[in-house]
Amino acid sequence: NAGVMQNPRHLVRRRGQEARLRCSPMKGHSHVYWYRQLPEEGLKFMVYLQKENIIDESGMPKERFSAEFPKEGPSILRIQQVVRGDSAAYFCASSPIRGSSNEQFFGPGTRLTVL
Amino acid sequence: AQTVTQSQPEMSVQEAETVTLSCTYDTSESDYYLFWYKQPPSRQMILVIRQEAYKQQNATENRFSVNFQKAAKSFSLKISDSQLGDAAMYFCASNTGGFKTIFGAGTRLFVKA
């Protein structure tokens, strides 16, 4: 059973460009979570999605950031007009429909560098 | 609101010795879960151990064990017989209702040979 997959692993963008980060949850998992980790900090929750629905986006910046989890295909975290402060590691996690332990399984992360 | 606090930015332990990493949390929920994650230089988040709040017995996983003090809202991680491969960032985290997980700021563990 493949784990959570994220791509790309590393992404370099210039200021003003768009960044698209992809996450494929574990097989059988229908819940996806995105987290951001700034250098030397812990992970900060951004958004929680189920298929075709955003459940909680309380951690998402109000502008330039959006997320989706379509019926088919991976979840996408999209950052428009990136700025240097967006440089961070972005982690995706997934969980099954009703996990008994509430454990979220993490992907390897995408490291975004904004030049 | 949930909060998780790790008051030790760095800790150091001699190989084969025991070290304890501290964590306190705050939540108004009665049903919640607590976790310790390890993040090596590869940055992969690896679950070390988890504890259900309704269970009084402390969780153990081989060399890793926790001291869960529910009334004090304390959740420390003990690593016994420390190995060089244990060197990493360790994050304490809490989760309620299967939604967002709240992480502490982390403790960097150094293991001396």
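The values are calculated or read from the model by the stated rules, or taken from the named source; none is laboratory data. All of these numbers come straight from a predicted model, not from anything done at the bench. Every residue, glycine as well, gets a Cβ built from its backbone with ideal geometry; the counts of neighbours run over all protein chains shown.
Overview of values
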| quantity | calculated |
| --- | --- |
| Selection from region A:44-93 of residues that are more than 10 Å from the chain's Cα centre (by Cα), under 19 Å from residue A:3 (Cβ atoms) and touching a residue at least 40 places away in the same chain (Cβ under 8 Å) | A:74 |
| Pick from region A:15-39, criterion over 13 Å from the mean Cα position of the chain (by Cα) and over 17 Å from residue A:108 (Cα atoms), ranking: farthest from the other protein chains (Cβ to nearest Cβ) | A:16 |
| Subset of region B:14-39 that is in a loop (DSSP other than H, G, I, E, B), hydroxyl-bearing (Ser, Thr, Tyr) and modelled with pLDDT of 95 or more - its residue that is farthest from residue B:90 (Cα to Cα) | B:18 |
| Residue within region B:89-107 that is surrounded by fewer than 19 Cβ atoms within 10 Å (Cβ to Cβ), away from chain A (no Cβ under 14 Å) and more than 12 Å from the chain's Cα centre (by Cα) present | no |
| One residue from A:109, A:59 being among the small types (Gly, Ala, Ser), within 14 Å of chain B (Cβ to nearest Cβ) and within 28 Å of residue B:31 (Cα to Cα) | A:59 |
| Exclusive hit being modelled with pLDDT of 95 or more and of a type in the set (Ser, Thr, Tyr), set B:42, B:82 | B:82 |
| Flag if residue A:54 is in contact with a Cys (Cβ under 9 Å, 6 or more places away or on another chain), on the phi < 0 side of the Ramachandran plot and not in a loop (DSSP other than H, G, I, E, B) | no |
| Hits in region A:1-14 (condition: within 14 Å of chain B (Cβ to nearest Cβ), within 13 Å of the chain's Cα centre (by Cα) and part of a strand (DSSP E or B)) | A:5, A:6 |
